[in-house]
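> Structure below; questions to follow.
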Amino acid sequence: MSVLAPSVTPLPALQILVVEDDAELRAQLSAQLQAQGHAVVAVEDGRAAITALAEASYDVLLLDRMLPTVDGVEVLRRIRAEGVETPVILLTALGLTQERVEGLDAGADDYLVKPFELDELNARIRAVLRRRAAPSADNATLTAGDVTVSVLRHRVTRAGKSIELQKTELKLLAELVREAGSVLSRKMLIERVWGYDFVPATNIVDVHILKLRQRLEMPGLPDPIVTVRGVGYMFRA
Amino acid sequence: MPRRRLRSLGTIAIGFALALSAAIALAGIGVYVALIDVIDRQVDLRLQAEAHELLEGTPGPALLASRIARESSERESADIGFLLRDAKGATIAGNIAPTHSLPLGFSTVHHDAGISGLSRGRAWKTQLADGGTLALVAESEPIERHDRNRLRILAIGFGAVVALLLLGTVALIRAIGTNIAAIASAADAISHGDLRARVPVDQPRSAFGGLAVTFNRMLDRIGELVASMRGISNDVAHDLRTPLARLHGRLAALAADPAAAPVRHELEAAVAESDEILAIFAAILRISEIEAGQRQAGFETFDLAALAADIAEGLQLMVTESDRAFVAPTAREPVIVEGDPRLFTQAIVNLIENAVTHTPPGTTIRLDVQRDGTSALLVVEDDGPGIPPNEHERALRRFGRLDASRHTRGHGLGLPLAVAVARMHRGSLALQDAQPGLRVALRLSLAPGCSS
């Protein structure tokens, strides 16, 4: 089993705009992102965010939902209406489902409930950027290394040999293979594979990964799934 | 003992109608009796006047007989029957022959007296000085079969009044019922989370209008209270989660720091603890969100059986890997309900996770969905130790964890969340003894038009 320390696969240096009204969280987040080599501009309210977006362009916008002056969702609506296509990850303290739906409807690319690990954020940023770069490869046959997954035909092969998988195992493998080379957090897998908008109390992700590893195991071939400690899993590209 | 109050509008109205009918019937009988009495007295007066005329100057039998003959031929008194008898009872004069003897003074005679053409009448009889008797009889019924006609007239009148009364009662029930239904429907909507529901007010000055205004004012107040409660729970969540998030961030950063190697284990335990606290927050917020009815917007029509089968698929491995057996639902037919499938997903996952957490290895956990009459019935059942019936209620309450489970994992909000989801969908959740084990039964109505 391969275990990586967190943040071993850094993102390329990005221009990130952080909009957060809590001074300490804003400083914490900025410092952490800067430590990873990103250029961070941090502002404290909605109006400042709109101004900042008008003055410069960013790779990612991290937008707190509850903001003084102009609310986060309202900021999002306004910049989308003005044609600003910057990827947006909404940050929220509450995680109410209705808010989530509203946020995504308003044009957010992802939605993250506070508190979150930096690695979780990194994984989300990476996924959002990847999705923007290569949108919707949903129904195609997915390949990573020696593994091929055809979701539609429910077929999986490794090194040319067919492998039998249960429905959930196949969905999980498809997500990992689609994002091969990127870390997927447990939360992301819960959302995408199981479709839950809450965090279950049991370790369903780990149990399925374990099973998947057993199923993919072949003599002489390495484990294609990498465990990223404290974050989630990554499929070898 | 407190007096029983009449609750049903129908009972009140029918009782009222019956009482009024009885009153009208009594009045009718009274009128009938009084009418007869009046007529009798009228006839009595006439008989007395006639007798007075006949006996004027105390005539002897012969004169009296001639006077009788004259009177019976006169138009005015032709309808009066006369009978003059001597002391021995032999008829001297008269135009009637009653079959039985009449008593002295006034009396009522019927057709059984054998007087032709008389069905009811009054008689007056007096003893003459010579020991003979003079009897006068007059009809108290000016028309043939007057009694029966009178009854018919009364019956028609009474019937008309009763019919009008019934119609009025029905209209009254309708009117009151409509007004009450409007109030009830508003209250019902409120109790299911739609805090904007109000009673329509047509005429604020009328009794029902006034009630509606008062009721709406109360709803406004409830709405304010709920909004402020929601505000408080949002504030608490925000104000506590933000510092918790900071704490969590610091601990996680510390745990990742190479310098923290000697205490890493402790730091990771602290991170896990803060995760637990945040999970409790997430659950509390989710429950308040459901209870506040903010999610009615997410309602759609979906197949609960298919959803349960899907969830079973996703959890099967987790349950079996925990050394418990899992019996997934066997979808036989769709069970279509109306609601928020995401909330049902969370409720079902919570119930199954609960069953895993609170039973020993070797337990069998069963999930099933089926139609039961006009309801959908979702059951999560295990053959573990169960919960004693007297603790069922507590197990459904928020933080009502049972002592035995206080040291197991989980925050104990799984059941309360499922209860909140059931209530929000106008359903119910019950704990039952599965003998052995616990059965959680979630029941809600099938979507309209989907029950067969």
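The values are calculated or read from the model by the stated rules, or taken from the named source; none is laboratory data. Just so we're clear, the structure is a prediction, and the values are computed from it rather than from any experiment. Quick reminder, even Gly has a Cβ in these numbers, built from the backbone with ideal geometry, and neighbours come from all protein chains shown. Each accessible area value is taken on the protein alone, full model and side chains, heavy atoms only, with ligands, DNA and RNA left out. Shrake-Rupley method; radii C 1.70, N 1.55, O 1.52, S 1.80 Å.
> Which whole number gives the average count of other chain Cβ atoms within 10 Å of the Cβ atoms across peptide B:240-253?
5
> Report A:R155's accessible area, 1.4 Å probe, all protein chains in place, as a number in Å² to the nearest 10.
Roughly 130 Å² of A:R155 is accessible to a 1.4 Å probe.
> Working out 0.36 nm times the residue gap between B:E300 and B:M229, then minus their Cα-Cα distance, what length gain in nm do you get to one decimal?
My answer for the length gained is 22.8 nm.
> Taking accessible area as the heavy-atom solvent-accessible surface of the protein chains with a 1.4 Å probe, which residues of segment A:193-217 lose no less than 20 Å² upon going from the isolated chain to the full protein assembly?
Those are A:Y196, A:D197, A:F198, A:A201, A:T202, A:I204, A:V207, A:H208, A:K211, which lose 20 Å² or more relative to the chain on its own.
> Next question, about the same structure. Any number yet on Rg/Rh for chain B, C-alpha, Kirkwood? If you can, show how the numbers build up before the last one.
Details: Rg = 45.7 Å, Rh = 31.4 Å.
My calculation puts Rg/Rh at 1.46.
> So between B:A34 and B:V201, what do we pick up on full extension, going 0.36 nm a residue minus the alpha carbon distance?
On the way: separation 167, 0.36 × 167 = 60.12 nm, distance 5.07 nm.
Contour length minus the Cα-Cα distance gives 55.1 nm.
> Taking the Cα centre of segment A:2-133 as the origin, how large is its charge dipole in debye, to the nearest 20, when only Lys and Arg (+1) and Asp and Glu (-1) carry charge on their Cβ atoms? Before the final figure, lay out each step's value.
Values: 13 positive and 21 negative charges, 92 e Å.
Using only the charged Cβ atoms, the result is roughly 440 debye.
> Report in % the part of the accessible area of segment B:71-159 that belongs to carbon and sulfur, leaving out ligands and nucleic acids; probe 1.4 Å.
54 percent
> In addition: About its Cα centre, how strong a charge dipole does chain A have in debye, to the nearest 20, once Lys and Arg get +1 and Asp and Glu get -1 at the Cβ?
1240 debye
> A further question on this structure: Apply the Karplus parameterisation 6.51 cos²θ - 1.76 cosθ + 1.60, with θ equal to phi minus 60°, to every residue of segment A:220-232 and state each ³J(HN,Hα) to the nearest whole Hz, in sequence, with x for glycine and proline.
x, 9, x, 5, x, 9, 9, 8, 9, 3, x, 10, x
> Helix B:207-256: angle to the longest alpha-carbon principal axis of chain B, degrees 0 to 90, nearest 10?
Roughly 10 degrees between the two axes.
> Which three extents, in angstrom, do the Cα atoms of segment A:134-196 have along their principal axes, listed largest first?
That works out to 31, 25, 18 Å along the principal axes.
> If I model a spin label at B:E53 and B:H265 as a point 7 Å from the Cα along the Cα→Cβ vector, what separation in nanometres do I get?
About 13.6 nm, to one decimal.
> A:K187: which lysines have alpha carbons under 30 Å from its alpha carbon, excluding same-chain residues fewer than 8 sequence positions away?
Within the straight-line cut-off, A:K187 pairs with A:K114, A:K167, A:K171, A:K211.
> At a probe size of 1.4 Å, how large is the accessible area of B:H52, to the nearest 10 Å²?
130 Å²
> Once you compute Rg and the Kirkwood Rh from C-alpha atoms, what is the Rg to Rh ratio for the protein assembly as shown? If you can, show how the numbers build up before the last one.
Values: Rg = 46.9 Å, Rh = 33.4 Å.
When Rh is taken as the Kirkwood radius, the ratio is 1.40.
> Next question, about the same structure. Does anyone have the angle between helix B:341-357 and the longest principal axis of chain B? Alpha-carbon axes, 0 to 90°, nearest 10?
For B:341-357 against chain B, the angle is about 70 degrees.
> Need one number: % antiparallel among DSSP beta bridges in chain A, to the nearest 5.
45 percent
> Where both residues lie in the protein assembly as shown, what percent of DSSP beta bridges are antiparallel, nearest 5? Display every interim value, and only then the final one.
Numbers: 64 of 87 bridges.
If we restrict to bridges inside the protein assembly as shown, about 75 percent are antiparallel.
> Moving on. Per 0.36 nm of contour for each residue apart, how much would the distance between B:S185 and B:D130 grow if the chain were fully extended, relative to their Cα-Cα spacing?
Net length gain for the segment: 10.8 nm.
> Treating segment A:141-235 as a set of equal point scatterers at the Cα positions, no solvent, please give the Debye-formula log₁₀ I(q)/I(0) at q = 0.14, 0.19 Å⁻¹.
-0.46, -0.87
> Whenever you get a sec, compute what percent of the accessible area on segment B:296-445 sits on carbon and sulfur atoms (1.4 Å probe). Please report the intermediate quantities before stating the final value.
Details: 3160 of 6500 Å².
C and S atoms contribute 49 percent here.
> Another question, then. Counting only the heavy atoms of the protein chains, how much of B:M318 is accessible to a 1.4 Å probe, in Å² to the nearest 10?
Estimated to the nearest 10 Å², B:M318 gives 10 Å².
> Per the Kirkwood definition applied to all pairs of different Cα atoms, how many angstroms is the hydrodynamic radius of segment B:296-445?
15.4 Å
> In Å² (nearest 100), what accessible area is buried between A and B, both sides summed, heavy protein atoms only, 1.4 Å probe?
The summed interface area works out to 3200 Å².
> I've got another one for you. Just to verify a number: FRET efficiency for B:A155 and B:R41, C-beta to C-beta distance, R0 = 25 Å, to 0.05?
According to the calculation, E is roughly 0.50.
> OK, next. Compute the acute angle (0 to 90°) between the alpha-carbon long axis of helix B:414-424 and the principal axis of greatest extent of the alpha-carbon atoms of chain B; round to the nearest 10°.
40 degrees
> Residue by residue through segment A:19-31, which ³J(HN,Hα) values in whole Hz follow from phi under the Karplus form 6.51 cos²θ - 1.76 cosθ + 1.60 (θ = phi - 60°), with glycine and proline marked x?
Result, rounded to whole Hz: 10, 8, 8, 7, 4, 5, 4, 4, 5, 4, 5, 4, 4.
> Another question, then. Need the per-residue list for segment A:117-132: every residue with at least 50 Å² less accessible surface in the complex of protein chains than in the chain by itself, probe 1.4 Å, sorted by number.
Residues passing the criterion (a loss of at least 50 Å², heavy atoms only) are A:E117.
> Please give the residues from segment B:299-334 for which the solvent-accessible area of heavy atoms, probe 1.4 Å, is smaller by at least 20 Å² with all protein chains in place than with the chain isolated.
Residues meeting the cut-off: B:D310, B:E313, B:G314, B:L315, B:L317, B:M318, B:E321.
> With a cut-off of at most 12 other beta carbons within 10 Å, and DSSP calling the residue loop, which chymotrypsin sites (Phe, Trp or Tyr not before Pro) in segment B:301-405 qualify? Please list them.
Numbers: sites: B:F302, B:F326, B:F344, B:F399; in loops: B:F399.
Here the chymotrypsin sites (Phe, Trp or Tyr not before Pro) that fit, given the DSSP loop and packing criteria, are B:F399.
> Something else about it: Starting from the eigenvalues of the Cα gyration tensor, five times each then square-rooted, give me the equivalent ellipsoid semi-axes of segment B:207-291, largest first, whole Å. Don't skip to the answer; put the middle values down first.
On the way: eigenvalues 448, 20, 6 Å².
They are 47, 10, 5 Å, listed largest first.
> Still on this model: Enumerate the amide H contacts of B:A376 below 5 Å, restricted to partners 5 or more residues apart or on another chain; note that Pro and chain-start residues carry no placed amide H.
B:L444, B:S445, B:L446
> Near the amide H of B:I365, under 5 Å away, which other amide H atoms are found, from residues 5 or more places off or on another chain, if H is placed in the peptide plane?
B:A325, B:F326, B:V327
> Summarise the accessible area of segment A:67-163 (1.4 Å probe, protein heavy atoms) by the percent that is carbon and sulfur. Show your work: numbers first, answer last.
Values: 2070 of 4170 Å².
For segment A:67-163, the apolar C and S fraction of the accessible surface comes to 50 percent.
> Once the Cβ-Cβ distance between B:N390 and A:Q214 is put in as r, and R0 is 51 Å, what FRET efficiency do you end up with, to the nearest 0.05?
With a Förster radius of 51 Å, E is 0.65.
> Follow-up question, since we're still on this one. Counting other C-beta atoms within 10 Å, and keeping those with at most 13, which DSSP coil GluC sites (Glu not before Pro) do you find in segment A:144-237?
A:E164, A:E217
> Per the Kirkwood treatment, what hydrodynamic radius in Å, one decimal, follows for chain A from the mean inverse distance over all distinct Cα pairs?
Kirkwood radius, chain A: 18.9 Å.
> Taking all protein chains together and a probe of 1.4 Å, list B:R217, A:R65, A:R236 from the most accessible to the least accessible.
Largest accessible area first, the list is B:R217, A:R236, A:R65.
> For segment A:167-183, what does the Karplus curve 6.51 cos²θ - 1.76 cosθ + 1.60, with θ = phi - 60°, yield as ³J(HN,Hα) per residue in whole Hz, taken in order and with x for Gly and Pro?
Karplus-based 3J(HN,Hα) across segment A:167-183 equals 4, 5, 4, 5, 4, 5, 4, 4, 4, 4, 5, 4, 9, 3, x, 10, 7 Hz.
> Next up: Taking Rh as the Kirkwood radius computed over C-alpha pairs, what is the Stokes-Einstein D of segment A:2-133 at 4 °C in a medium of viscosity 1.567 mPa s, expressed in µm² per second?
It diffuses with D of about 88 µm²/s by this estimate.
> May I pose another question? So, for the protein assembly as shown, what is the accessible surface per residue at a probe of 1.4 Å, expressed in square angstrom? Intermediate values should be presented prior to the final figure.
Numbers: 34810 Å² over 689 residues.
Normalised by residue count, the accessible surface of the protein assembly as shown is 51 Å².
> Using a 7 Å offset from the Cα along the Cα-to-Cβ direction at both B:I12 and B:L167, what is the distance between the two label points in nm, to one decimal?
2.4 nm
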